[in-house]
Amino acid sequence: MNISTMATALERLFGDAVKSQGQDGWVIQNPDGQLLLLLSADQSWLRGMVAIAPIQEAQPYLQELLAANFDDTQETRYALANDVLWGIFQHNFASLTEMDLEGAIARLIHLRQMGLQDCFQNMTERQVRQIIWASKK
């Protein structure tokens with residue numbers, strides 16, 4: 001992929017919601033919040049990011065978030081930076097395809113929409129299993 005292809009793909013997907021940040025980034029404002037797409041300084045890597053929750057809200061679910069990174073998040077990941085839980089996607093820019101980009105954006109938006117809901121459910125299920133296991137001893 002190159003910058004021109006990227007800009008065209010983003011415009012097709014999001015229309016006027018895409019705001020270019022020079023030659024190295026884009027901000028997409030949608031009803032679910034902002035999606036940030038940033039190129040590395042040498043333009044070899046693309047990083048997509050969505051803010052999910054403040055770190056204080058995410059702290060109780062760190063175990064579930066790490067498990068989700070391993071089992072559920074596919075090409076995206078949860079990450080902590082600047083006191084925020086982020087959904088991120090990183091890919092080599094030259095080998096990125098439009099299909100890769102669209103899939104990653106869809107996953108990031110999904111992570112944003114779900115927030116911490118899945119983590120809460122998984123933590124609750126784990127605790128219920130522990131209670132049941134302890135009661136059988």
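Please go through region 112-137 and pick out each residue that is loosely packed, with under 14 Cβ neighbours inside 10 Å and either of a type in the set (Val, Ile, Thr) or not in a helix (DSSP H, G or I) (or both).
Of everything in region 112-137, those that are loosely packed, with under 14 Cβ neighbours inside 10 Å and either of a type in the set (Val, Ile, Thr) or not in a helix (DSSP H, G or I) (or both) turn out to be THR124, VAL128, ILE131, ILE132, LYS136, LYS137.
Counting just the residues of region 6-52 that are part of a strand (DSSP E or B) and of a type in the set (S, T, N, Q), which one comes out farthest from LEU111 (Cα to Cα)?
Taking the candidates together, the pick is SER20.
Given the criterion under 30 Å from ALA7 (Cα atoms) and modelled with pLDDT under 85, identify the matching residue among ASP72, ASP118, ASP100.
ASP72
Can you pull out every residue in region 79-104 that is of a type in the set (Gly, Ala, Ser) and either assigned to a loop (DSSP other than H, G, I, E, B) or loosely packed, with under 12 Cβ neighbours inside 10 Å (or both)?
Matches in region 79-104: ALA81, ALA94, SER95.
For the subset of region 84-137 comprising residues that are closer than 22 Å to VAL18 by Cβ and among the aromatic types (Phe, Trp, Tyr), which member is farthest from the chain's Cα centre (by Cα)?
Here the answer is PHE93.
The values are calculated or read from the model by the stated rules, or taken from the named source; none is laboratory data. All values derive from a computational prediction rather than experimental measurement. Cβ coordinates were reconstructed from backbone atoms using ideal geometry, including for glycine residues, and neighbour counts include every protein chain displayed.
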